[in-house]
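Here the structure comes first, spelled out in C-alpha cells, and everything after it is commentary.
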Amino acid sequence: MKAISRKIVYHTVVVVHLLVLVGCDTTEEKQGGETLFRGNARIACDREIIELIGPQIEWFIARHSEARVRLDTSSADEAMRQLLSGNVRAAFIARDYLPQEDSLLRAYNVEQHKRFLIATDAVVFVVRGSSSFDTISQATLIRTLRGERTPLANLQWIVPDVTSSITAYLSTVVGPRLRIRGYVVPSGDSVLHTIARGEGDIGIALLSQLQRKKKLLSLRPIRVVIQDSTTGDRVAIMPHVATIVKERYPFRVPIYGYLFESARNFPYGVVASLAFEAKPQRAMLDAGIVPAYAKLQLVEQE
C-alpha cells in the first residue's frame, strides 16, 4: 500500500533558547524543611519512558547533593493510581488523564494535578526493515484498530498491553478500547524486539523507543497518509520532530510530569527542572522527540 507525497526534507536547528525553571525563584523556598533542590521524594515513572526520564533524574541528583529521589517504574495505569492515592509525590506519564480518571476527579471535587509538559513523543507503527509496507492510510489504520475488517486486519499485530500509556493513548483516538486482534506484550520495547525477531508483521511503540533501537534491530516506522486540511491532497507523513512540531503527524503523545502537591517544594523542583532546564530538554531532542520548552527552527527544502 503506497501513497504519493510531496517530498520535504526537514532540518532542525538545535535549541536556541531555553527558559530556566519558569515559576521558580532563584532563591530556595522552604516547604516543610525542603527546598526546590533539597529533599526526599518517591516518584512514579511510566515504564514506556523510563529510559528517557531515568537519566535526567540521575542528572538532577548528581547536580544537587541533598536531593534524594526514589524512582518507581510501573505501567502508566499504576503510576497514575499511585499519584491519585498520594503514595507518590509526582509521576512522569506519557499520556493525559483517561476519561475515567477525569470523571473520578470531578466526582470527588478534586482539582486536576499541576503538571508540566516535558516533551511530545509519538505513537509509531513499526515494521522490519525488509518489509514491503511503506504507508498506511490514517482512516484505514483507525478502522483496523477499532476491530473493523480491513486489509490490515489480517496482519499479525504486536501491541502493548492494556495498562500501557501507548494503548491508552490510542484508545482515546479510536474509541473506548482497542479491538484489534493481536499478540500482546508488556511494553513498546517488547513490541520492537518481537517484531525484530520476525514474530509479527507490524507493531506499535513510541517514536523515542524506536529511535533508540531502530538501527540495532533493523526496524523502521510506516508513514501515515492523511488528508491535507488546506489542499485536500493525500499526503504521507513520516513521524519526525518536524512533523510533530508542525502538528502534521496525527499520533502525538504528551509526556507530562504530574505533581501531587501544587506547592513549590522539592517534587516541584525535580519536575520543573526536567521541563525547563537545558540539559534534560536537549536530551529529549537528542532522543528524536520534541522538547517542551525549546525554540526549534525548521528549514524546509523541496
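Residues are listed down the side, and each one gets a yes or a no for (1) at pLDDT below 90; (2) within 19 Å of A119 (Cα to Cα); (3) not assigned by TED's automatic domain parsing to the domain that holds C45:
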position: E148; (1), (2), (3): no, no, yes
position: I180; (1), (2), (3): yes, no, yes
position: V184; (1), (2), (3): no, no, yes
position: H240; (1), (2), (3): no, yes, yes
Out of all the residues in the stretch 278-288, is one or more buried (at least 17 other Cβ atoms within 10 Å of the Cβ) and more than 18 Å from the chain's Cα centre (by Cα)? no
Residue among I61, I57 that is assigned to a helix (DSSP H, G or I), surrounded by fewer than 19 Cβ atoms within 10 Å (Cβ to Cβ), at pLDDT 95 or above and not assigned by TED's automatic domain parsing to the domain that holds Y183: I61
Which residue, of Y268, Y293, is modelled with pLDDT of 95 or more and of a type outside the set (G, A, S)? Y268
For the stretch 191-198, check the following and say yes or no: at least one residue is of a type in the set (S, T, Y) and at pLDDT 95 or above. yes
Quick one: count up the residues across the stretch 137-151 that are part of a helix (DSSP H, G or I) and either closer than 11 Å to P250 by Cβ or small (G, A, S) (or both). 4
So which residues in the stretch 168-179 are buried (at least 21 other Cβ atoms within 10 Å of the Cβ) and more than 14 Å from the chain's Cα centre (by Cα)? L178
Hits in the stretch 145-166 - residues which are surrounded by fewer than 24 Cβ atoms within 10 Å (Cβ to Cβ) and under 22 Å from P99 (Cα atoms): R146, G147, D161, V162, T163
Filtering the stretch 64-79 for residues that are of a type outside the set (D, E), touching a residue at least 24 places away in the same chain (Cβ under 8 Å) and not in a strand (DSSP E or B) leaves a count of 4
Please find, within the stretch 202-213, the residue that is farthest from G54 (Cα to Cα) out of those that are out of contact with any Pro (no Cβ under 8 Å at 6 or more places or on another chain) and either modelled with pLDDT of 95 or more or assigned by TED's automatic domain parsing to the domain that holds V290 (or both). I202
Taking the conditions exactly as written (touching a Leu at 6+ places or on another chain (Cβ under 6 Å) and not charged (D, E, K, R)), does A242 satisfy them or not? yes
Residues that are closer than 26 Å to R42 by Cβ and touching a Gly at 6+ places or on another chain (Cβ under 6 Å): does the stretch 117-124 have at least one? yes
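The values are calculated or read from the model by the stated rules, or taken from the named source; none is laboratory data. These numbers come from a predicted model, not from an experiment. Reconstructed Cβ throughout: ideal geometry from the backbone, glycine too, with neighbour counts over all protein chains shown.
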